[in-house]
1. Give just the number: which of (1) assigned to a strand (DSSP E or B); (2) within 20 Å of Y319 (Cβ to Cβ) does L226 not satisfy?
2. If the requirement is being in a loop (DSSP other than H, G, I, E, B), buried (at least 17 other Cβ atoms within 10 Å of the Cβ) and touching a His at 6+ places or on another chain (Cβ under 9 Å), which of these qualifies: T182, T203?
3. Condition check: surrounded by 19 or more Cβ atoms within 10 Å (Cβ to Cβ) and aromatic (F, W, Y). Does F229 satisfy that?
4. Yes or no: I174 open to solvent by less than 10 Å² (accessible area, probe 1.4 Å), modelled with pLDDT of 90 or more and not charged (D, E, K, R)?
5. List, please: which pairs have Cβ atoms under 7 Å, are six or more places apart or on different chains, and start with a residue in the range 452-469 that is aliphatic (A, V, I, L, M) and end with one that is assigned to a helix (DSSP H, G or I)?
6. Name the single residue, out of those in the range 361-411 being of a type in the set (G, A, S) and near ligand 3 (Cβ under 10 Å from one of its atoms), that is farthest from I481 (Cα to Cα).
7. Looking at the range 251-298 only, could you name the residues that are among the polar types (S, T, N, Q) and under 23 Å from S568 (Cβ atoms)?
Amino acid sequence: MSSDQKYNSEQVYSTLSTVFGFYSFRPHQEEIVRAVFQGRDVFAVMPTGGGKSLCYQLPARLMDGVCVVVSPLISLMKDQVDAARINGLSAGTLNSSISVEERNAVGDALRRNRLDLLYISPERFNSEYFIERLKTLRVAFFAIDEAHCISEWGHDFRPDYLALSKIVREFPSIPVTAFTATATQQVADDIIGRLGLRKPHLTRASFNRPNLFYRVLRKQEFDTQLRLFLANHNGESGIVYRSSRKKVESTAEMLQAYGIAAKPYHAGMSDADRHAAQEAFSRDECLIIVATIAFGMGIDKSNVRFVVHADLPKNIEGYYQETGRAGRDGEPAECLLFFGRNDIAQQLRFVDEIEDEHVRDIAKEQLRQMIHLAEQSGCRRVALMRYFGEEFSVQNCNGCDICVDSRKLEDATIPAQKILSAVYRTKESFGAIHLIDILTAANTEKIRQFRHNQLPTYGAGKDQPKIFWRAVVDALIVQKIILIEDPLRPILKLTDEAWQILRGQKTFAMRKPAQNYSDKTKSNQQISGTKIPFSEVQPFSELLFGKLRELRTEFARAENVPPYIVFSDRTLHEIARNFPRNAAEFQMIHGIGQHKFAAYGQQFLEAVNKFCGQNPDEATKWRQPQQTLQHLPANQKNSTAQSSTFLETYRLFCQGKTIDEIVTVRQLTRGTIISHLEKLSESGMELSADLFFVPERLEQIKIWFQASGETLFLKPAIEASNGNLDYDEAKLARIFIKKSVTTKGTRDIEYEKDTRDINDRSDIYRSR
Ligand code: ADP
Ligand code: MG
Ligand code: ZN
């Protein structure tokens, strides 16, 4: 059982870096890992891409016995097994898709207690035989992935999952952990109840995905808009969601006709065709997939760079899940929603077909919320977070179309008056489409029927295109000058403010839309942000990235796995940014653990060097001068300092920057920079104490640490100091105190030698 295995922080961190190649935990991962080591049941809600797998894979690697992972789809299992194996974990699956040899090998590993992870499908738990066999093995804990599938309230209910309620009864002494990205409380309660979790450790991560850029675009000439968007994402992989099979087919055909390789995916296709499409997408052989929402779960592809919703989603929950498939690797990705008023009517038709009245009402309310999200004037992220019950308050999220809109407000009082007057003269009983038809002198059935061609406003806006008038109506709605009482029946009503504008007592200003879609450069800016102004976006050499991607594909083909399993986009971006020149530098890149380094390191290093030879300009532009890295112990596998974030801190440090300067440059906290130094020191970087402390001060801090009898934790020493030591300083001092303990005398002597000729000792705690 698990409870006899202590949580060992050093061991856990070293596994995180050497096996997984990460330098720090994502939010909540560490607390979950800790709970697993304590032998507790766990229920964790984390958004897609939040890093749920690591929460059970890491303990599975360290704990005795196998972790049994329940996963809903066979395709998902294969990817996860591949990904785990590439990191050097021993993983296997037992399902109908594997060969006899594979099955025997997995069975053998299980019997000999050599397997870290066993992936199985839920229906296995219906088999007495399987359960009895499992009881003869050493099971560390169970991990139930996509746990919402057990709830009828969830959006992916799978009856097979009900068999999982047996686990707690059949294996009463083995902890059960459950993971989901589904947010609602009702589903959460349902999962915990049905699985019978026992006082589980509960985690609910923030649903904010800072690397996703949210954009809503008025749907006007959809085909053109989509092609422009895709042109801006050339070479990137993404999903275009459509609301029906027919639309999926027509959009895929349209794109193909323009030479854009896109494959359709919907439930009406044969299993084989769907499988082939998904495989091609997953392996970067086909970059764009046009799909219904049937395409979703089972897509663990981490380098999806954009998700387009070409039609209005049914609800925010679904929209969030689908957009969540973008940017799992943490690199910037874009989520574009096309919003057209005609879509409301179409969705409403789907909703009206629901028979159960209660369910229908819920669906209507959800649709209203979705429309509201698309139509409001505030930050999209704030609105999305609010839906999930999270307060997210920033001045500017820098990651949505509203927050980064730099177009100037311009006076549009006269156009506004024209619209408002049309609303008034049609007795506040029509929607935007009809009103715009009136202004632009359209000749429609409805206009003739209501004799609206006889109104004084008929044709009053002929001088502008419809696209302009839609923008004016949108702005009036967003600024709450026109009211829509029910988003599902979008009839425009006048407010007091509207009357003031009509009477000329108030002016109206809005941001003007781009005039002309054929003007590519101009409309590009409006349609898509290739230059997403995220603060964390860092440039890299696109040229080298392209080469690295080819190499990645070669490896992936040879090993018959998707490319993102070999290396994530983020890893390649970092290589193309840092241009590592030797093993030590290479291993500091994000996502490169020992196993991956052994498998691919040499070839990738060679590729970088070759590239530098062939592209001297790029090399000079990106590659840092050699001497800044010379202290770094070559070919020594360091356990923690592997990421370029350390590399960056290290570089600045070598340039002679003080901690405070590094804090300013890197926009990180002091504590984080000190952590970097700590890790760098552990991995062999020479740090001299006198850069930070006068000897007396360090001696004093050492005494406090000694009094507390502890160097693993800082709190006891801080308490022993009686308010004379703060967290950051304690952490910084520990670097040297630990060293002098572990390497005994030699360090102490060096330390004395180092400090002898320091003359400036006036400041107690130097700022460096
Ligand atoms: P989820 O199942 O929650 O949607 P995954 O487990 O598939 O998410 O992880 C998403 C991505 O995040 C993967 O590419 C994974 O390698 C990466 N990842 C997980 N944990 C970390 C971490 N601590 N640091 C950096 N990347 C991580
Ligand atoms: Mg997952
Ligand atoms: Zn925003």
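The values are calculated or read from the model by the stated rules, or taken from the named source; none is laboratory data. Fair warning: this is a prediction, and the values are worked out from it, not measured in the lab. Neighbour counts run over all protein chains shown; Cβ positions are idealised from the backbone, glycine included. Please note that ligands, DNA and RNA were not included when accessible areas were found on the heavy atoms of the full protein model with its side chains. Shrake-Rupley method; radii C 1.70, N 1.55, O 1.52, S 1.80 Å.
1. (1)
2. Step by step, each of T182, T203 is checked, and only T182 is in a loop (DSSP other than H, G, I, E, B), buried (at least 17 other Cβ atoms within 10 Å of the Cβ) and touching a His at 6+ places or on another chain (Cβ under 9 Å).
3. yes
4. no
5. Pairs that qualify, where the first residue is aliphatic (A, V, I, L, M) and the partner is assigned to a helix (DSSP H, G or I), are L455/R425; L455/I438; A460/K418; A460/L439.
6. Taking the candidates together, the pick is G399.
7. Once the filter is applied, which keeps residues that are among the polar types (S, T, N, Q) and under 23 Å from S568 (Cβ atoms), the range 251-298 yields Q278, S282.
Here is a yes/no grid of residues against (1) among the hydroxyl-bearing types (S, T, Y); (2) under 25 Å from the mean Cα position of the chain (by Cα); (3) at pLDDT below 90; (4) on the phi > 0 side of the Ramachandran plot:
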| site | (1), (2), (3), (4) |
| --- | --- |
| R61 | no, yes, no, no |
| D64 | no, no, no, no |
| M77 | no, yes, yes, no |
| E101 | no, no, no, no |
